[in-house]
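The structure appears below as structure tokens.
The values are calculated or read from the model by the stated rules, or taken from the named source; none is laboratory data. Keep in mind that this is a model prediction, so the values were computed, not measured. Here Cβ is always computed from backbone atoms with ideal geometry, including for glycine, and neighbour counts include all displayed protein chains.
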Amino acid sequence: MGQQKLAMQKKLFFDNIEIGSAIALFCFGLPKSIVAEGLLLTRGDDNGLCKVYIKKVLIPHEKVRSDKNGLTVGEAEDKCVLWDIANVAKL
């Protein structure tokens with residue numbers, strides 16, 4: 001991902017979200033739907049991923065894309081995972 005595109009995504013999605021804020025986690029495909037709710041722990045890294053705590057699962061079979069072992073959102077409840085910043089929004 002280009003640095004300019006990543007910077008734009010961070011600006012669009014994180015200007016109003018503070019660390020510790022309640023967030024909605026969206027699926028990676030279309031149509032977009034909320035798969036879980038949680039807390040934002042970090043704002044994002046160079047790969048466009050932020051660290052989140054999954055507090056409440058809404059769609060348990062959705063895959064956690066950053067996990068190489070095929071972890072699902074249901075299995076990640078009450079855990080910290082990396083999530084794409086483009087699929088995070090403030091609740």
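Numerical summary
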quantity: Among the residues listed as 55, 68, the single one being part of a strand (DSSP E or B), more than 15 Å from residue 33 (Cα to Cα) and basic (Lys, Arg); calculated: 55
quantity: Evaluation of residue 73 against (1) buried (at least 16 other Cβ atoms within 10 Å of the Cβ); (2) at pLDDT below 95 (one fails), failing number; calculated: (2)
quantity: Odd one out for residue 59 among (1) surrounded by 14 or more Cβ atoms within 10 Å (Cβ to Cβ); (2) farther than 15 Å from residue 22 by Cβ; (3) in contact with a strand residue (DSSP E or B) (Cβ under 7 Å, 6 or more places away or on another chain); (4) at pLDDT below 95; calculated: (4)
quantity: Meets criteria (in a loop (DSSP other than H, G, I, E, B) and buried (at least 16 other Cβ atoms within 10 Å of the Cβ)) for residue 44; calculated: yes
quantity: Residue in region 1-18 that is modelled with the lowest pLDDT, counting only those that are aliphatic (A, V, I, L, M) and not in a helix (DSSP H, G or I); calculated: 1
quantity: Hits in region 19-33 - residues which are in contact with a strand residue (DSSP E or B) (Cβ under 8 Å, 6 or more places away or on another chain) and either surrounded by 15 or more Cβ atoms within 10 Å (Cβ to Cβ) or assigned to a loop (DSSP other than H, G, I, E, B) (or both); calculated: 19, 20, 21, 23, 24, 25, 26, 27, 28, 32, 33
